[in-house]
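Everything below concerns the one structure shown next.
Quick note: the coordinates plus some simple rules give every number you see, no bench work behind them. Predicted model, so just to flag it, every value in this text is computed and none were measured. Cβ atoms come from the backbone with ideal geometry, glycine included; neighbour counts cover every protein chain shown.
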């Protein structure tokens, strides 16, 4: 064997030799075939070392042929697509693939940090916990950077992920997890019953172990049978086959998390294709047929490149037509391990010995080797030789100790059923002595198990169990499954006698290859008192990281069991949690990235505001115009000052469409509002508006707003922008749960209406040009707090409210959302001669502080109506939500901080929200705290900063002084206490 | 988790909002011990292990308030009813 793929067999395998694929590993060019994984292509090339170990930087090769791989982690792709810790055993080879080994410096074959291996007496279990304890400041500066450099796995790309990820839902009757013999049998019987079936297969090829073994089904190769079943399943209309799809988690209600690697097998995703797709599959029943994972044996030097699982060697030979080496010994405690010897011998690889730890094996098993292979029973590998690659194994036989020259070793320690998904609802696997492994215990409700995942390890039994469980699943989902005859095949020899750890081992014997946890570490941790499996895991890191101990957990457990003199069953098992294999955060995030993280709600005149050069601010999901800068204005403050002055001296208008609007109708609408708000509504006259406050049932303020009565049985409620959804939900609760007897209906109309506040001394002049004749907009015809339905803009249905947040003569005009843009443009046009200018939320905020109106800063969930100076609204003549609790003695305490206004003693001083009030002569300490400044702004009307806040007994202390201290922003200002309303305290302008 | 809304059918958890114990009844505010009753109503909750009747709101659907009986140990949904119907016997919204 020579050429670019010296370890490739001249024929055979399930690869497509007509398609040669070029790839690079660590910059070196190589070739493989379509159907290869990166691991099989590297083995074909003769690459032995593919990475360095996590802690000791020991050279490591490929152990497995699947997603259980602990060693062969590589950085795949380059640039922004570089992905660390990718398993070479699951990477499907593609043209131009680029991968790098990781965790070494300066090079893979010579790694300086391998010296850690010599310091291993220091790097014992719990090393990090013990060594890096103090001083704590050393963590950030010294320990962490060193650990990160020394013990890191791969490197992230460091730049944004250029690929797209999708999320999708699917629903089915029967979900089949795994497409080996049991899974395909289950899918076939369920599919033929007419059930909607989805088959998820982690591999890109269907067939599971049938692709890797030489066993026949129905007189032909197993993979041919698999192909035939797949063809039939494909032809069934309600069966969906999903290759490259891993079921990673079981969730409540029969929901399964699946990651589909849509284009990971291509150099880059095709146009409009996602890289991966995250599925939530809801299944009436699911059949877990995920197979089993072969377990290594723990012995001295068991991590050398060239030491592989026996089943992986069979995969490489039979599926990929690759041999691992030229001289391969077998170390086994199972009949199954012998199959590797036969497969190796069949393709002409020299097998110097089968080393079986059992004192004797069945004559039939021994006879299969036809005497051509040396059989060493009652023997164990105690040590290995070689550094960058295996050179020899030291075997202790009943006759003595000898070295066998080999370049590879196949290890078979038995099979661990892939029970992981069975544990996702808290189920514990149970120990099965017959196969010396854990099998599923209590299961998630909708899940059934078949085949090797259930501990059924032989082929004929797998097929018959798959057919049986598949039929049960279909029946449980309401379908009639016709029995299918089990195809003709045989059960292979499957005897085993447990061997976890070779006690006579020399050198490091690794339990967990990915985390470099040795048998000594486990012993040591146990001696230190970490006897519980969960403690052991956290102390030694056994079973952590990207493989989650798929090849390590049971051996670790068995070693603890042996030390403590208990059985494995008594020792326990760790709990498996989702995900089964790592899931990219990008896939979990899906399309919800950047500006798509959440939806943006735009008001009907958003485009117009953009034309006006508006700067926008997020208000919940909404984008609201914050201010409208004009050329020559130096900063936002200058703009906002101009907008405020313009309202106070001429006229401005502001988009208030984002406020929640709820249409409340029915004979009991007034009564319903009486119970929601602290104040009275059933007495409100038709055509009038009123400010209202609602409490939570605990007595604190929930929301406020203006509500108008349009007719006897119809009110239009407004809520704050932030609480619109919450208030509607609260109203639904009150109606459906508390008072269903009230004849009332309500619906949100926030999105249906565009609404603008027109404010300023010239507001009426502007409105006169917008509303249709003969509507009387005079002060007498439409006074303060009037509300009306009318038409505007020449026949457009509209609503007009004479309400004011700015303290000026003001109206709010609402039109159907589709006319919002037109209304904004008309207001600009009609208002031009009165000096109209749009204003944003910033000016709105300044003017409400000038008026002392409360907003979100004050209604923060911790304030009562009394705190906010709204006690006079609270009716004593009726019950309402929160009334009883608002009268708790603690909430009536006169010392509670209450809404008050503040001016700086020195008019040049700046005030800031968040400052705490302390007495002039007291210390700035929590003990002397008397309240907090909730809102502050520069008032262009007064020419200095103003603030409102909550001060203990504030209203009684008007004229006095306190300090407003803000240690965070380093501000300490003496302020004068005043009434919270700074502009037009008599309210004459709003009525003008 | 999935909840079968009596109006919309079987839907994903993300459409629903949780409130809590559905056994609580808003007390009569005119009773002399109203404050004690309301204090319990607002603040006191049993931490049930097992079947628990609780309020859920179909926020991303029909806006119905539901009484869902859920096993807090297994997350099994044992029953779903309209809250109005469950608590008042009247027709739902």
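What to note about this one:
- Global form of segment A:772-816, assessed from the alpha-carbon gyration tensor, a/c cut-off 1.5: oblate
- Remark: A:639, A:37 ranked as A:639, A:37, counting other beta-carbon atoms within 10 Å and listing the fewest first.
- Once C-alpha pairs closer than 8 Å and six or more residues apart are averaged by separation and normalised to the residue number of chain B, the relative contact order reads 26 percent.
- Both radii come from the Cα set of segment A:711-844: Rg as radius of gyration, Rh as Kirkwood radius; their ratio Rg/Rh reads 1.01.
- Each Cα pair under 8 Å and six or more residues apart adds its separation to the average, and for chain A the resulting relative contact order is 9 percent.
- Rounded if a/c under 1.5, otherwise prolate or oblate - segment A:422-471, Cα gyration tensor axes: oblate
- Sorted by Cβ density within 10 Å, fewest first, the residues A:308, A:242, A:694, B:1: B:1, A:242, A:694, A:308
- Structural descriptor for segment A:848-991: relative contact order 30 percent, calculated from alpha carbon pairs under 8 angstrom and at least 6 residues apart.
- The ratio of the alpha-carbon radius of gyration of segment A:579-682 to the globular-protein estimate 2.2 N^0.38 Å is 1.68.
- From the C-alpha gyration tensor of chain B, square roots of 5λ in Å: 26, 16, 11
- Helical content alone sets the calculated 222 nm signal of chain A at -6000 deg cm²/dmol, taking -39,500 (n - 2.57) per DSSP H segment of four or more residues and averaging over every residue.
- Counts of other chain beta carbons within 10 angstrom of each beta carbon in peptide A:737-743 average 5.
- Length gained on full extension, residue A:95 to residue A:928: 292.7 nm, using 0.36 nm per residue less the C-alpha separation.
- Take the Kirkwood radius over Cα pairs of segment A:848-991, plug it into Stokes-Einstein at 25 °C and 0.890 mPa s, and you get 155 µm²/s for translational diffusion.
- Shape of segment A:316-401, Cα gyration tensor, a/c cut at 1.5: oblate
- Peptide A:248-258, shielding by other chains (average Cβ, 10 Å cutoff): 3
- Residue by residue along B:78-86, Cβ atoms of other protein chains within 10 Å of the local Cβ number 2 on average.
- Using alpha-carbon coordinates, inclination of helix A:335-346 to the longest axis of chain A, degrees: 70
- Where labels lie 7 Å past Cα in the beta-carbon direction, separation of residue A:871 and residue A:618 in nm: 4.0
- For segment A:359-457, convex hull volume per residue from C-alpha positions, Å³: 158
- Label-to-label distance, nm, for residues given as residue B:24 and residue A:18 (7 Å Cα→Cβ offset): 7.1
- A P(r) calculated from all alpha carbon pairs of segment A:479-595, with 10 Å bins opening at zero, reads 11, 33, 21, 17, 14, 4, 0 percent.
- DSSP beta bridge pairing in the protein assembly as shown, given as percent antiparallel to the nearest 5: 75
- D_trans [Stokes-Einstein, Kirkwood Rh over alpha-carbon pairs] for segment A:660-751, 10 °C, 1.306 mPa s, µm² s⁻¹: 123
- Sorting A:287, A:282, A:411 by the number of Cβ atoms found within 10 Å of their own Cβ, with the fewest placed first, yields A:282, A:411, A:287.
- Shape parameters for the protein assembly as shown, alpha-carbon atoms, Rg then Dmax in Å: 37.3, 117
- Angle of helix B:34-43 to the longest C-alpha principal axis of chain B, folded into 0 to 90 degrees and rounded to 10: 30°.
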